[in-house]
Each structure stands twice: as structure tokens, then as C-alpha cells.
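Notes to accompany the following structure.
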Amino acid sequence: MPLVYPTRRAFLKAIVLSAGATMLPLSFPGSILADNDPDLQNQLHRPFPPHYARGTLIDRSTHSITIEEPNATPSILTLMIEPTTKIYRKHPNAPLASLQLGDRIDAGTLTGHNGQRVATWIQANTIIDWGVVKAMKESTITVEPDPEQTYMHVERDLEFLPGSFFHGLGGEQLGGFDGLTVGDYVYYTAFADTPDMSIRKMWVYRIFKMIDEDGTSS
């Protein structure tokens, strides 16, 4: 699937227009709405849309999870889990049992035949961020904050897994990042082991190498 903002200049312009959002609602697999996305802020004390929910995990059973979001109505929401529900925690295809109380949850949902909300996918402790590749060692990519946007970010160590995707000039790679080099400007979706937004260690889901207007890498 093509990148929504294929050039670094267009991407940075989009960041400015997003009024300081720490995550952007981009339309590629794994993208989610931001904790401080303006549209969600306007939904204070209103129900979430039928296709999306978020909150802190406060309960988990073998067939459902319950999340709490004080700024939504209702503030507590139970989502049913089906065999087809995709769960992401540290890596894709995580088991339901890997979800921990206190996890920051984002979920795609639909309304089941009995009126209950059903989770189609669940992401735990997801962070979408961007920056410059500072170092690469074996399967770890260190990304430092973009010097033009340092008020938003922290330096992170991103662990690349066999199920991680790299999107470069040569297309999509699964399990490898050939073509990524130190100094490249990247945009990534990754999972943390805790809900802490400033955590350093993360596991990559997708990482995109940005390009300049002349078609070369940043």
C-alpha cells in the first residue's frame, strides 16, 4: 500500500498541520488514531464511533476485554474477542493472555449480531513516531528525534522482528530492512511493553523510509 506522505517535506508539513498530534491517523496497516487527535478530543464524554475504541485495560477474560476511558460515555466498555481477532502486543499474532492490566489499548470494532461490541483487532501500547536513524546493530535500529520536531519525541531502540515490515525504495520487506542506513529519515509504528509513551525499548511493526522530492532517500 503506498505511503500517504511519500516525501519528507510533505510529511513534515502534515505534522505542522496536525497541531502537535503525537500520532497521525495515516491510512496504512497498523495506523491508529492519536491519544490527542483533535477529532477524538472533540468526542469528550461522547460514545466512540462504532469502528474504534480506546482506553486502559481494566479486565480480561477468555472471551472479552474491558477498557476504561474517563473522557468517553460510557467510560467503561467491554469488547468481545473472536477467534479472528488480531492482537498486537510486542509483536503481531500475540495471544490474548499477553494483554496486561494497565495496557493502553486501541481497538478496531464492529457491532455483533447481539448488539455487543466485537474487537476485530487490538493493539497494546502502540506508539507511532518518526526521526532519524542514529545507529544500527544486528536487529536493533536506534532512532533519534527529528531535530526539527524534538518537542514531540525521545530516542528509541527499535527491535526488528521476523514479522516486522520495512517499506523502502524497493518496496515492502518482511523480516528485513535492506536499504535502510544510518541518517535515513523514518516513520514507524511500534509496540512497547508498558503504556509509558516515553519508553525507549520498542518492537517494530512497520517502519517507513522517507524520500526527498527528487526521489532519493532522506
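Here are some notes:
- Residues of segment 92-130 that turn out to be part of a strand (DSSP E or B) and without any contact (Cβ under 8 Å) to a residue 40 or more places away in the chain, as a count: 3
- Ala119 being small (Gly, Ala, Ser), assigned by TED's automatic domain parsing to the domain that holds Asn93 and modelled with pLDDT of 95 or more: yes
- Test result for Arg206, in contact with a Ser or Thr (Cβ under 8 Å, 6 or more places away or on another chain), under 30 Å from Gly102 (Cα atoms) and of a type in the set (D, E, K, R): yes
- Residue in segment 180-195 that is loosely packed, with under 13 Cβ neighbours inside 10 Å and among the hydroxyl-bearing types (Ser, Thr, Tyr) present: yes
Results for (1) closer than 25 Å to Asp196 by Cβ; (2) of a type in the set (Lys, Arg), shown as yes or no for each residue.
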residue	(1), (2)
Glu68	yes, no
Ala72	yes, no
Thr78	no, no
Arg117	no, yes
Thr140	yes, no
His167	no, no
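- Members of segment 43-91 found to be in a loop (DSSP other than H, G, I, E, B) and either of a type in the set (D, E, K, R) or in contact with a Cys (Cβ under 7 Å, 6 or more places away or on another chain) (or both), listed by number: Glu69, Arg89, Lys90
- Checklist (1) more than 18 Å from Ala192 (Cβ to Cβ); (2) within 21 Å of the chain's Cα centre (by Cα); (3) surrounded by 13 or more Cβ atoms within 10 Å (Cβ to Cβ); (4) not assigned by TED's automatic domain parsing to the domain that holds Gly179 applied to Arg89, failing item: (1)
- The set of residues in segment 167-203 that are part of a strand (DSSP E or B), among the small types (Gly, Ala, Ser) and under 27 Å from Asp103 (Cβ atoms) contains only Ala190.
- Among the residues of segment 146-166, those identified as at pLDDT 90 or above and not in a loop (DSSP other than H, G, I, E, B) are Arg156, Asp157, Leu158, Glu159, Phe165, Phe166.
The values are calculated or read from the model by the stated rules, or taken from the named source; none is laboratory data. Every value quoted in this text rests on a predicted model; they were computed, and no experiment measured them. Using ideal geometry, Cβ is built from the backbone for each residue, glycine included, and neighbour counts are taken over all protein chains shown.
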